[in-house]
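Comments concern the structure below.
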Amino acid sequence: MPTNFTAGPVRVRVPATSANLGPGFDALGLALGLYDDLAAEVTSGGVRVAVTGQGAGELPDDDQHLVVRAMRAAFDALGVQPDGLSVECVNRIPQARGLGSSSAAIVAGVLLARALVPDGDHRLDEAGVLRLAAEIEGHPDNVAPCLLGGFTVAWSESTGARAVSVPVADGVRPVVFVPAERGLTATARAALPASVPHGDAALTAGRAALLVHALTTDPTLLLPATVDRLHQDYRAAGMPATSSLVSALRAAGVAAVVSGAGPTVLALSEPPASVQAGTDWEIWQLPIDVSGARVARGRLGHAERDPVAAGRKS
């Protein structure tokens, strides 16, 4: 075993996330009970990545894998760099659907690297993990709930990203509608204008503030609290089926929004039977994850390697 590193493997479980939640663009996020399980070990040379589940056969199996790239960035921050790595990923979070698969990979990579350094938690504390993960991702709204769990409010300062996690009120029951088609965050961001009318910005700011109250205290206000005029309408043309489903759910009184950059739709309560999404959507009831990312010693066990999406109800 090379010096400066922990002997044997470490593992991490990271939750899916839904960001924006309507008016909380690049700020609000929710951790969901759908998990990727990963394990990593330092080796004497070379990089090997084994992927099962979502993304198997598509994602890189070398140092270009996002988990490895995040690990390398974390090792740089920790002041050490191993010659080789062996990484195992059991992915259940759909790729490029707006459920935080990239953020989960980044958070997992940073935490795995930190756990492989004996005093890593002293060299890189929780605040440092958030800052680094947000720097790699580009914005903190997904990495914050993935790391902290629950409902999070994230923001950026001159020193980097910060976030708080607050408890969610009873009565919030997330349901996600996941299409077969994929979406790209970069494409969705390219659809946004450089500026928006002052009235739209003011309305959305007020609804974002109301959403914090609705999610934490009074879920009966979730429908008006999820009104957004900053990003969803501008992105609608690029994902018409998503926009149509959001409109149908909201017309039925359900607080529905685009999950992250889409194309998944997030409903914050169970929709009535009258709303028919069609056969192109998988519908999952997911609990809110309150723990965030969890690290442990050892290899993945049988339960962690099970490709079935833990916590998911269809």
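The values are calculated or read from the model by the stated rules, or taken from the named source; none is laboratory data. Quick caveat, the model's predicted, so the values are computed rather than measured. We place every Cβ from the backbone using ideal geometry, glycine too, and count neighbours over all the protein chains shown. The protein model used for the area step is the full one, side chains on, heavy atoms only, and it has no ligands, DNA or RNA in it. Shrake-Rupley method; radii C 1.70, N 1.55, O 1.52, S 1.80 Å.
Of all the residues in region 275-305, those that are among the acidic types (Asp, Glu), open to solvent by less than 70 Å² (accessible area, probe 1.4 Å) and out of contact with any helix residue (DSSP H, G or I) (no Cβ under 9 Å at 6 or more places or on another chain) number 1. Considering (1) farther than 20 Å from GLY29 by Cα; (2) outside any helix (DSSP H, G or I); (3) among the aliphatic types (A, V, I, L, M); (4) modelled with pLDDT of 95 or more, the lone condition that VAL196 does not fulfil carries the number (4). Do we have any residue at all in region 80-103 that's among the aliphatic types (A, V, I, L, M), modelled with pLDDT of 95 or more and surrounded by fewer than 21 Cβ atoms within 10 Å (Cβ to Cβ)? Yes - at least one qualifying residue is present in region 80-103. Within region 104-119, the set of residues being crowded, with 24+ Cβ neighbours inside 10 Å and not in a loop (DSSP other than H, G, I, E, B) comprises ALA104, ALA105, ILE106, VAL107, ALA108, GLY109, VAL110, LEU111, LEU112, ALA113, ARG114. Each residue in region 154-167 was checked for being out of contact with any Pro (no Cβ under 7 Å at 6 or more places or on another chain) and open to solvent by 40 Å² or more (accessible area, probe 1.4 Å), and 9 of them qualify. Counting the residues of region 7-40 that are touching a Lys or Arg at 6+ places or on another chain (Cβ under 8 Å) and either assigned to a loop (DSSP other than H, G, I, E, B) or open to solvent by 40 Å² or more (accessible area, probe 1.4 Å) (or both) gives 6. All told, ARG173 meets the bar of being open to solvent by 20 Å² or more (accessible area, probe 1.4 Å) and touching a residue at least 40 places away in the same chain (Cβ under 8 Å).
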